[in-house]
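One structure below.
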Amino acid sequence: MLFENFDLEKDTSAGRYIKEEIVTVRFADEAGSVASREGANRYAMGDALITGSTGDRWSVSRDRFDAKYEPIAPLLHGQPGAYRNKPIPVWAKQIQAPFRVQRIAGGDVITGNAGDWLMQYAPGDYGIVDNTKFQKVYRLLNR
């Protein structure tokens, strides 16, 4: 199942959630790719390379990272180290069959397993979170 051209805000079975996680970040010295559980995450020089609290790894473009994460003091923004996500609501829906989604238009296609969560961070900005991690770091706001 491939999800394309959708908006979870319009899906009555989706909910709004807040992520609460401290992650470890370094910034890419050159372009490359990091292997996540869901598939390859390509990145450009300067993008954030993140290791989550459960050991999973992914990349975030620098502009998205700057808008979504804040350093834990005394760290200054842009230095490698510990960051927390800002409390920005996202849409999520648990999917009960294997599925795929394109992270952004023209971007990597990642794969989820039955029981994983389909995430919509903003219009056209998608991800996948496995159920174990989702239960650990996300909390329901409301529908």
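So which of Ala82, Ala92, Ala73 ends up being in a strand (DSSP E or B), of a type in the set (A, V, I, L, M, F, W, C) and over 19 Å from Asp11 (Cα atoms)?
On the way: Ala92 fails: over 19 Å from Asp11 (Cα atoms); Ala73 fails: in a strand (DSSP E or B).
Residue meeting the stated conditions: Ala82.
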Of all residues in the stretch 24-52 being among the charged types (D, E, K, R) and within 23 Å of Gln102 (Cβ to Cβ), the one that is surrounded by the fewest Cβ atoms within 10 Å (Cβ to Cβ): Arg42
Filter result (surrounded by 16 or more Cβ atoms within 10 Å (Cβ to Cβ) and hydrophobic (A, V, I, L, M, F, W, C)) within the stretch 53-102: Trp58, Val60, Phe65, Val90, Trp91, Ala92, Ile95, Phe99, Val101
Every residue from the stretch 33-55 that is under 12 Å from the mean Cα position of the chain (by Cα), modelled with pLDDT of 90 or more and of a type outside the set (A, V, I, L, M, F, W, C): Thr51, Gly52
Tally, over the stretch 10-58, of residues that are among the charged types (D, E, K, R), touching a Leu at 6+ places or on another chain (Cβ under 8 Å) and over 18 Å from Gly112 (Cα atoms): 2
Long-range neighbours under 8 Å by Cβ, at least six apart or interchain, first residue outside any loop (DSSP other than H, G, I, E, B) within the stretch 17-32, second at pLDDT 95 or above and of a type in the set (Asp, Glu): Phe27/Asp47
Qualifying residue in the stretch 119-131 (condition: over 12 Å from the mean Cα position of the chain (by Cα) and hydroxyl-bearing (Ser, Thr, Tyr)): no
The stretch 105-116, subset in a loop (DSSP other than H, G, I, E, B) and under 18 Å from Arg57 (Cα atoms), residue farthest from the chain's Cα centre (by Cα): Asn113
Residues satisfying the stated conditions in the stretch 10-23, i.e. surrounded by 11 or more Cβ atoms within 10 Å (Cβ to Cβ) and of a type outside the set (A, V, I, L, M, F, W, C): Asp11, Gly15, Arg16, Tyr17, Lys19, Glu20, Glu21
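The values are calculated or read from the model by the stated rules, or taken from the named source; none is laboratory data. Values in this document were obtained by computation on a predicted structure and should not be read as measured data. With ideal geometry, Cβ positions are generated from the backbone for all residues, glycine too; neighbour counts draw on all protein chains shown.
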